[in-house]
Every structure is written in C-alpha cells, then in structure tokens.
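Shown next, in structure tokens, is the structure this report addresses.
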Amino acid sequence: MSGRLYSLGYLTLIMSNNRQTSRQLKGKIRKLLLQQNIESGLAEIGRMPARKAINPLFSFLCSLDELLKWRAVTAMGEVVDRLANTDMESARVIMRRYMWQLNDESGGIGWGCPEAMGEIMARNESLAGEFWCILISYIRPDGNYLEHEVLQRGALWGVGRLAHARPQLLKTSVDYLHPYMQTDDPHLRGLAAWAAGALQNKKTEVILNQLKDDSAELNVYLDGHITRRSVGEISKNALQMV
C-alpha cells in the first residue's frame, strides 16, 4: 500500500512539475513576443524546439491583446516553416489542426487559425502547394465559407499574406475577393482590397478605383506592424501594384 501511495505521489509531483514548466515556457514566449526588439524575440523563439513552442503560440492566436496575437502569427509562421524543413508530416499535422479548429464539428471557434495558415504558407512553398486551396475555400460561398465576420477578416488577411508572397498560386482566385471589396464592413473591404492588389485583373482595378475615396479606417497588420489605414489608402496602394 505504501509503495502504491509513493508511486501516486511521485506521479503527481511529475505532473505538477510539467504544468509548472509549461506555464514558465508560455510566460517566456509571451515576454519575447511583447518585447520592444521583436526581431530578437522571434529569433530566440526560433531557436526553441518547434514542438515546445507550438502550443504556447497556438494559445496566443486567440488573445485579446492585438499585438500579442499578431506577433504569435508571425512566430508561428517561422516555427512551422522550420519544422517543415526537417519533419514535413509534423508540419502537415499542425495545418490540419487549424483546419479542424475551423470545422463546425470541432466545437471551437478558430480565432487566428486562417491568419496562421496564411503566414505559414507565405513562408513555406511546399505547404503552400498543398494547402492554399483550403485557405481560399474559407472565403468561397461554395466552399468552406466562414460565416462569422471576424473569422472572415482573418481569412482575408491570410489570403492576402499568401497572395503577396506567392501570387502565382492565387491568380485564378481573385474574383472571390470582389464581393468582400463591396461589403458594408470596412475591415472586409480594406483587407480584400489589400489582398486583391497582388492578384489584379480588370474588374479588380475597377473596384479599387471605386474605393480610392473610401475614408473608413481599419487596423491592419502589415510588415510586422499594426497600422491604422483607410480603405482608400489601401486601395490606392493596391492600384500602384498594377
């Protein structure tokens, strides 16, 4: 009996230590993501074993702290890209985890998942080749359409991130962005205009010209920074990419 109690006590101690270690790692990564020198923070996270960094980063994707959320998206892209270079199947598992979170059957919401998918595929060509059509399906009415507007914003950002990094993959998908460029939500209009700038055709150019004087503003994460832009400003910049 005493031996059994000892074993249970030892197991409890191990589990307690593991939880404490997990909390410590999460706190460390959070601190690195929020430090002023973000490049140094991302570099240190990049040196961590990928399997240890993934779960803390995943939890930050749904943070109400906008800066923490977006920097976690960036870090996730770097970590999964590096993982894919050594263990592609594990990287695929992570992509499927995002897909499951965005599935109604999961019972989850999927905050931050399409953004992370876009960031990962912008960095990794092999994963982009396998999963780009899944990301596009989230903005397609005839696909895995996301009805929640906040998730739609995330999907549009993910599509835009991938479109600017690998436009050749999404050239035939630009028409799916047009309805979002004409919606009442300025966040959707602005993000769709930004994404479409990398994939322009004649109809896209017409709509962008219609949006040039749109003064509605939104926060958008570009080049590692959260900036306040008007839809018109984004559209003008997009037109310059023609």
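Taking segment 196-225 as the range and being at pLDDT below 95, part of a strand (DSSP E or B) and either surrounded by fewer than 14 Cβ atoms within 10 Å (Cβ to Cβ) or touching a Ser or Thr at 6+ places or on another chain (Cβ under 7 Å) (or both) as the test, only HIS225 passes.
Among the residues of segment 71-87, count how many are open to solvent by 40 Å² or more (accessible area, probe 1.4 Å) and either of a type in the set (A, V, I, L, M, F, W, C) or assigned to a helix (DSSP H, G or I) (or both).
Result for segment 71-87: 4.
Of the residues making up segment 172-195, just one is out of contact with any helix residue (DSSP H, G or I) (no Cβ under 9 Å at 6 or more places or on another chain) and assigned to a helix (DSSP H, G or I), namely THR172.
Is it the case that some residue within segment 173-192 is of a type outside the set (A, V, I, L, M, F, W, C) and in contact with a Gly (Cβ under 7 Å, 6 or more places away or on another chain)? No - not one qualifying residue is present in segment 173-192. Beta carbons closer than 7 Å, at least 6 apart along the sequence or on distinct chains, pair a first residue in segment 183-194 that is free of Cβ contacts under 8 Å to residues at least 60 places away in the same chain and farther than 10 Å from LEU156 by Cα with a second that is open to solvent by less than 20 Å² (accessible area, probe 1.4 Å) and hydrophobic (A, V, I, L, M, F, W, C) for PRO186/LEU218; PRO186/VAL231.
Here's the yes/no breakdown for (1) at pLDDT below 95; (2) in contact with a strand residue (DSSP E or B) (Cβ under 9 Å, 6 or more places away or on another chain):
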position: ARG19; (1), (2): yes, no
position: GLN24; (1), (2): yes, no
position: LYS28; (1), (2): no, no
position: LYS52; (1), (2): yes, no
position: TRP70; (1), (2): no, yes
position: VAL79; (1), (2): no, no
position: GLU89; (1), (2): no, no
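GLY160 meets the conditions (1) touching a Ser or Thr at 6+ places or on another chain (Cβ under 9 Å); (2) in a helix (DSSP H, G or I) in every case but one. The failed one is (1).
Inside segment 33-49, residues that are in a helix (DSSP H, G or I) and free of Cβ contacts under 8 Å to residues at least 40 places away in the same chain make up a count of 9.
The values are calculated or read from the model by the stated rules, or taken from the named source; none is laboratory data. If you're wondering where the values come from, they're calculated on a predicted model, not measured in any experiment. Because the Cβ atoms are built from the backbone with ideal geometry, glycine has one as well, and the counts that use them run over all protein chains shown. Surface accessibility is based on the protein's heavy atoms, side chains included, excluding ligands, DNA and RNA. Shrake-Rupley method; radii C 1.70, N 1.55, O 1.52, S 1.80 Å.
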